[in-house]
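Student: Right, I'll just put the structure down here and ask away after.
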Amino acid sequence: MTTPQQTIGSGFGARSTAEEVVEGLGLSGRTAVVTGGYSGIGLETTRALAGAGARVVVPARRPESAAAAVEGIDGVEVDALDLADLDSVRAFSDRFLATGRTVDLLIANAGVMACPQWTAGPGWEYQFAVNHLGHFALANRLWPALADGGARVVSVSSAGHHASPIRWDDPWFAGGYDRWKAYGQAKTANVLFAVELDRLGARSGVRAFSLHPGAILTPLQRHMSTEEMVAAGWIDEEGNTVDPVFKTPEQGAATQVWAATSPQLAGMGGVYCEDCDVSVPAGTDATRPGVKDHALDPGQAERLWALSAELTGVDAFA
């Protein structure tokens, strides 16, 4: 059976940086929206896109912190957005659409990992709500600007999607919370979202991609203790990175910037990427995590889209 999940020989790799993958690409006149674009790999994404000439909008739950983080980067603006609050998503989207601008690049980068058992909205598990449902609502509300721009939408997933498919019988973990399975479910949702958005949006010139950025020490690990990370072999007791697989934030941002901008992906969509290339299926390359079948299943993607539309009350394709 053939699969689009095959490397294309991009010429980049695990140690490429975001700045390197946009070198020579003129992004002047393009508008990018990067959620969480003020911290960790999001900040490096903002820096690379703006450096290549794009106008970058950074929606942020903490606008004051975001403004301080991006200060001095030309071509960047900050606005308020809390992905856990659908009213906030609506308000941001309305403000943006009122400007009449198109969106050329939407990078759904913000996220939370392995948090305590929190909820958002009417009892939604917090990681699923923030990582998936908030971005789902954002993309659907921004659809007029995405369609006008023939945008690329990049959904930042993780190899964490290996930990869990969508738990259709208990997505909110009413039967007992496991923070890593909850993270895995949310990251699977990120991949399935890109699969279905690409199917629906391709007729309007909108293509969607998902990706694993790699292992990077950033504020994403805020809900993990030092002891946990030492036990996992990520850092030593002084906080120094000891796992050679880990990337710098500049390297961690590279795959999402490549997916958003690379001419090599023209005419493609719905694929999962890692190390600045299209990924292979899980288990076919021992050097890469790869992508699990449960995250690419078109039936699961369509089912998740319908559930997400019901939960958020928004569907640009209804």
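Read-outs: derived from the displayed coordinates by stated rules, not from any lab. Every value quoted in this text rests on a predicted model; they were computed, and no experiment measured them. As a convention, Cβ positions derive from the backbone with ideal geometry for all residues, glycine included, and neighbour counts pool all protein chains shown.
Student: So for the chain: antiparallel DSSP bridges make up what percent, rounded to the nearest 5?
Tutor: Counting DSSP beta bridges with both partners in the chain, the antiparallel share is about 15 percent.
Student: So what are the range 114-160's ellipsoid semi-axes, whole angstrom, largest first, if each one is the square root of 5 times an eigenvalue of the alpha-carbon gyration tensor?
Tutor: Gyration-tensor ellipsoid for the range 114-160: 26, 14, 4 Å.
Student: Near the amide H of ASP79, under 5 Å away, which other amide H atoms are found, from residues 5 or more places off or on another chain, if H is placed in the peptide plane?
Tutor: VAL58, ALA60
Student: Using R₀ = 22 Å, calculate the FRET efficiency as 1/(1 + (r/R₀)^6) where r is the Cβ-Cβ separation of ALA215 and THR284; round to 0.05.
Tutor: Efficiency, rounded to the nearest 0.05: 0.65.
Student: If contacts are Cα pairs under 8 angstrom and at least 6 residues apart, what is the relative contact order of the chain in percent?
Tutor: 22
Student: The range 261-318 to the range 34-92: how many Å between their Cα centroids?
Tutor: A separation of 24 Å, based on Cα centres.
Student: While we're on this one: With a 10 Å Cβ neighbour count serving as the proxy for reagent exposure, in which order, fewest first, do TYR126, TYR183 appear?
Tutor: Lowest count first: TYR126, TYR183.
Student: Mind telling me which of THR46, THR241, THR255 comes out most flexible in a GNM of the chain, alpha-carbon contacts under 10 Å?
Tutor: Among THR46, THR241, THR255, the largest GNM mean-square fluctuation belongs to THR241.
Student: In the chain, which longest range has no GluC sites (Glu not before Pro) that are both DSSP loop (not H, G, I, E or B) and surrounded by at most 13 other Cβ atoms within 10 Å?
Tutor: 72-236
Student: In addition: With a 10 Å cut-off between alpha carbons and a GNM built on the chain, which of LEU146, LEU200, LEU192 moves the most?
Tutor: LEU200
Student: Rounded to the nearest 500 deg cm²/dmol, what is the calculated helix-only ellipticity per residue at 222 nm for the chain, with -39500 (n - 2.57) per DSSP H run of length n ≥ 4?
Tutor: Here the helix-only value at 222 nm equals -10000 deg cm²/dmol.
Student: Now a separate question. Find the all-direction average of the projected area of the Cα convex hull for the range 1-132, expressing the result in square nanometres with one decimal place.
Tutor: The directionally averaged projection comes out at 11.1 nm².
Student: Given the options ASP178, ASP277, ASP285, state which has the largest fluctuation in a GNM of the chain using a 10 Å cut-off (strictly under) for Cα springs.
Tutor: Result: ASP285 has the largest fluctuation of those listed.
Student: Here's another thing I want to ask about it. If you rank VAL58, VAL314 by fewest surrounding Cβ atoms within 10 Å, what's the result?
Tutor: Ranking VAL58, VAL314 by Cβ neighbours within 10 Å, fewest first, gives VAL314, VAL58.
Student: Here's another thing I want to ask about it. In the range 18-144, what % of DSSP beta bridges are antiparallel (nearest 5)?
Tutor: Roughly 15 percent of the DSSP beta bridges within the range 18-144 come out antiparallel.
Student: Running Debye on the chain with equal point scatterers at the Cα sites and no solvent, what base-10 log of I(q)/I(0) appears at q = 0.09, 0.10, 0.15 Å⁻¹?
Tutor: Summing over Cα pairs of the chain leads to -0.40, -0.50, -1.25.
Student: Here is a follow-up. If the label point is 7 Å along Cα→Cβ of VAL230, which residues in the range 237-276 have backbone nitrogen under 12 Å from it?
Tutor: Counting backbone N atoms under 12 Å from the label point, the list is 237-240.
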